[in-house]
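In what follows, a single structure is set out as structure tokens and then discussed.
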Amino acid sequence: MNAGAQFGTTKHRASDGFESTFAINHLAHYLLLRLVAPGLAKNATIVITTSDVHDRKQVPIGPKELNPEALAHPKDKGGFMPGMRAYASSKLCNLLTARAFEASLNAQSNGVRVIAYNPGLTRGTSLFREWPWWAKLMMAVASRLRSTNTIEQAGNAIADLGLGTIVPPYGRIYASLVKGKLTWPDPSELAQSDTAMRGLWVESAQMVGLPEQVQGRVTEAFSQKMTALRHTRDTVTAGSPYSTQR
Ligand SMILES: NC(=O)c1ccc[n+]([C@@H]2O[C@H](COP(=O)([O-])OP(=O)(O)OC[C@H]3O[C@@H](n4cnc5c(N)ncnc54)[C@H](OP(=O)(O)O)[C@@H]3O)[C@@H](O)[C@H]2O)c1
């Protein structure tokens, strides 16, 4: 699940009213995953493309907190920085979705491998096509100053992960391409938050009109997480962001 867009603004809306970055980068993948999940083959591999911009420790625009409703219907004026922050948050959503699906009965009982893949800054793709000219110019300069990956390296890595030529080390879900080499770092603290993971899963299900559970049955571990989430949601006021509480 690799499709993605950056608008450099939060002004665009999908036809159902969701902010376009959130709709394309997160909700569409979430919905697709939920729809294909029941038909996945045993030992299938799901790769969801994320980005290291989800991590504040890597890039300052990375999200401090996650508030799905605010991402879905932002109230800011839609400038370039809000657009960049919306993109970074959508990439956090990709990581949290990967973690939540990995914990689901479907993935666990069918041996489904789930990977959140960061291709790293990759020059020459169309990702920045909607940016204003001055931002494209700044990116062109910045990408000469810092290390970038080539399209070939980024494409080969996602192919290797999808085909199982490269297998994640035990307990690792986040694959990050750094200087052309795959690494398996910890994702950001917020991406490791179970509260944020469960909250995003449930709110996304509500947004796309699906039940919380994959296939209507859940593992004991997932069920416990969902029960805990319901408790969390009862004690959190509507619209409150998820922080790094785990
Ligand atoms: N390039 C980077 O530096 C970088 C870094 C980290 C992560 N990523 C991630 O890597 C993934 C691939 O990006 P890329 O750099 O290869 O950019 P890209 O060349 O623009 O590719 C993005 C792809 O997503 C598709 N897409 C965009 N909006 C869509 C929509 N509404 N419906 C269906 N398809 C849509 C595009 O299709 P069309 O061309 O037909 O519109 C295109 O095939 C994205 O998830 C991106 O966030 C990229």
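Read the figures in this text as sums done on the coordinates, not as results from a lab. Quantities reported herein were computed from a predicted structural model and do not represent experimental measurements. Quick reminder, even Gly has a Cβ in these numbers, built from the backbone with ideal geometry, and neighbours come from all protein chains shown.
Compute for segment 123-222: radius of gyration divided by Kirkwood radius, i.e. Rg/Rh, restricted to C-alpha atoms, rounded to two decimals.
Details: Rg = 18.4 Å, Rh = 17.3 Å.
Expressed as Rg/Rh, it is 1.07.
Put simply, the amide H of Tyr242, placed in the peptide plane, has neighbours under 5 Å in Leu66, Asn67, leaving out anything fewer than 5 places away on its chain.
Modelled label positions at Ala142 and Arg56, each set 7 Å beyond Cα in the direction of Cβ, lie 1.8 nm from each other.
For His12, the amide hydrogen comes within under 5 Å of the amide hydrogens of Ser20, counting only partners 5 or more places away or on other chains and with H modelled in the peptide plane.
Treat every Asp and Glu Cβ in segment 20-235 as -1 and every Lys and Arg Cβ as +1, leave all other atoms uncharged, and give the resulting dipole magnitude about the Cα centre to the nearest 20 debye. Provide the component values of the computation, followed by the final result.
Values: 24 positive and 16 negative charges, 90 e Å.
About 440 debye.
If R₀ is 22 angstrom, what is the calculated FRET efficiency for the pair Ala135 and Asp76, using the beta carbon separation as r and rounding to 0.05?
Numbers: r = 17 Å, r/R0 = 0.78.
The pair Ala135/Asp76 has a calculated efficiency of 0.80.
Remark on Asn118: its backbone amide H falls under 5 Å from those of Thr50, Ala175, Ser176, Leu177, a criterion applied only to residues 5 or more positions apart or on other chains, H modelled at 1.01 Å from N.
The DSSP beta bridges internal to segment 20-235 are antiparallel in roughly 25% of cases.
Of the peptides 54-61, 25-32, 10-17, the ranking by mean beta-carbon count within 10 Å, highest at the top, reads 25-32, 54-61, 10-17. The translational diffusion coefficient of segment 20-235, from Stokes-Einstein at 10 °C and 1.306 mPa s with a Kirkwood hydrodynamic radius over alpha carbon pairs, comes to 88 µm²/s.
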